[in-house]
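**Student:** I have a structure I would like to understand better, so I am pasting it below and will then ask my questions one at a time.
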């Protein structure tokens, strides 16, 4: 990679950038060895051509190349819109499942493939998807982002969605472990607390996560939720949830990405640098610090020298495989059929 800065590893911080092109300030941050990834938002997107140029510029900065991620779930959470297929919310697949299970499984696979194929065609490595939370009718921040209220249905649909993503060359990140659907509070603005005993959580909300881990899921994102009967700290800062349950009990071998450490619920762990250190110490492989450049720099400085060799293999897997070009993708019969499917399901949640 001519001109790329050669690094020995991917750092443990995922940061964001200011706009649709790299600025000198962005480059300075992304060239820090503590940074290992970039998360893109709607402000970074103008068109497929523009985003392809942006991802190429980011990937050209370093070797090994930085991971590039985005939240492209569909429905209310889709960062790239104009020029991309409008994806239906996950709940549309849950509704279809109630009418025709096999058709819903096939639709989940095709929509997972479509989402991933379009992103891979413009140089994005992975989307933080699918949502594995249950729609219990309590959490407005989850709602129709969830496939269904039944954990078995969520696990079934998510499994096929991930299969589709893999067919496009993309690995998946299930969120928000072990489940955000049973709390009313929105962790973006306050700290949710779930009082249920561990046995209930593992028998219900955690089922889709455990099932997908068994199928070889490559990544997970923990919830900024305190399950007070289990551990007095949010899951993303909990060695019990991340090391005891995920790593030792479930034998999870994938990457653990913190949820955004700039969210209000994460502030329980202290200032930005302390949050980053606490999340890594608990078992996260990469921590996200979004929409706060001062906090991103604080996190970078705080984790200088952090080394976790096992994380490197987990994170490297998230690059996935090279996808088709944008123009070639749009000529395929599968893309055209998946587009029709997405249009048919949009608004049916």
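**Student:** Quick one: which residue in 122, 173 is in contact (Cβ under 8 Å) with a residue 60 or more places away in the chain and closer than 19 Å to residue 86 by Cβ?
**Tutor:** Numbers: 173 fails: closer than 19 Å to residue 86 by Cβ.
Result of the check over 122, 173: 122.
**Student:** Could you check segment 163-172 and list, in sequence order, the residues that are surrounded by fewer than 24 Cβ atoms within 10 Å (Cβ to Cβ) and in contact with a strand residue (DSSP E or B) (Cβ under 7 Å, 6 or more places away or on another chain)?
**Tutor:** Answer for segment 163-172, where residues must be surrounded by fewer than 24 Cβ atoms within 10 Å (Cβ to Cβ) and in contact with a strand residue (DSSP E or B) (Cβ under 7 Å, 6 or more places away or on another chain): just 171.
**Student:** Conditions first: (1) outside any helix (DSSP H, G or I); (2) surrounded by fewer than 22 Cβ atoms within 10 Å (Cβ to Cβ); (3) modelled with pLDDT of 95 or more. Residue 185 passes all but one, so which condition is the exception?
**Tutor:** Residue 185 satisfies every listed condition except (3).
**Student:** If only one of 140, 116, 107 is farther than 23 Å from residue 255 by Cβ and part of a helix (DSSP H, G or I), which one is it? Steps first, please.
**Tutor:** Numbers: 140 fails: part of a helix (DSSP H, G or I); 116 fails: farther than 23 Å from residue 255 by Cβ.
Matching residue, one of 140, 116, 107: 107.
**Student:** Only residues that are under 19 Å from residue 95 (Cα atoms) and over 12 Å from the mean Cα position of the chain (by Cα): list them for segment 113-134, please.
**Tutor:** If the condition is that a residue be under 19 Å from residue 95 (Cα atoms) and over 12 Å from the mean Cα position of the chain (by Cα), then 133, 134 are the ones that fit.
**Student:** Across segment 245-266, which residue is surrounded by the fewest Cβ atoms within 10 Å (Cβ to Cβ) among those that are assigned to a helix (DSSP H, G or I) and either in contact (Cβ under 8 Å) with a residue 24 or more places away in the chain or touching a strand residue (DSSP E or B) at 6+ places or on another chain (Cβ under 9 Å) (or both)?
**Tutor:** Residue satisfying both the conditions and the ranking: 264.
**Student:** Out of curiosity, is residue 160 touching a helix residue (DSSP H, G or I) at 6+ places or on another chain (Cβ under 6 Å), part of a loop (DSSP other than H, G, I, E, B) and surrounded by fewer than 24 Cβ atoms within 10 Å (Cβ to Cβ)? Before the answer, list the steps.
**Tutor:** On the way: touching a helix residue (DSSP H, G or I) at 6+ places or on another chain (Cβ under 6 Å): yes; part of a loop (DSSP other than H, G, I, E, B): no; surrounded by fewer than 24 Cβ atoms within 10 Å (Cβ to Cβ): yes.
No: the conditions fail for residue 160.
**Student:** Still on this structure, please answer the following. Step by step: first the residues of segment 280-306, then only those that are touching a residue at least 60 places away in the same chain (Cβ under 8 Å), within 20 Å of the chain's Cα centre (by Cα) and outside any strand (DSSP E or B), then the one that is surrounded by the fewest Cβ atoms within 10 Å (Cβ to Cβ). Which residue is that?
**Tutor:** Per the criteria, the residue is 291.
**Student:** Out of segment 307-327, which residues are assigned to a helix (DSSP H, G or I) and either crowded, with 19+ Cβ neighbours inside 10 Å or in contact with a helix residue (DSSP H, G or I) (Cβ under 8 Å, 6 or more places away or on another chain) (or both)?
**Tutor:** Of all residues in segment 307-327, those assigned to a helix (DSSP H, G or I) come to 309-317, 326-327.
The answer is 311, 314, 315, 326.
The values are calculated or read from the model by the stated rules, or taken from the named source; none is laboratory data. Here the structure is a predicted model, which is why all the values come from computation and not from measurement. No Cβ is skipped: glycine too gets one built from the backbone with ideal geometry, and neighbour counts run over all protein chains shown.
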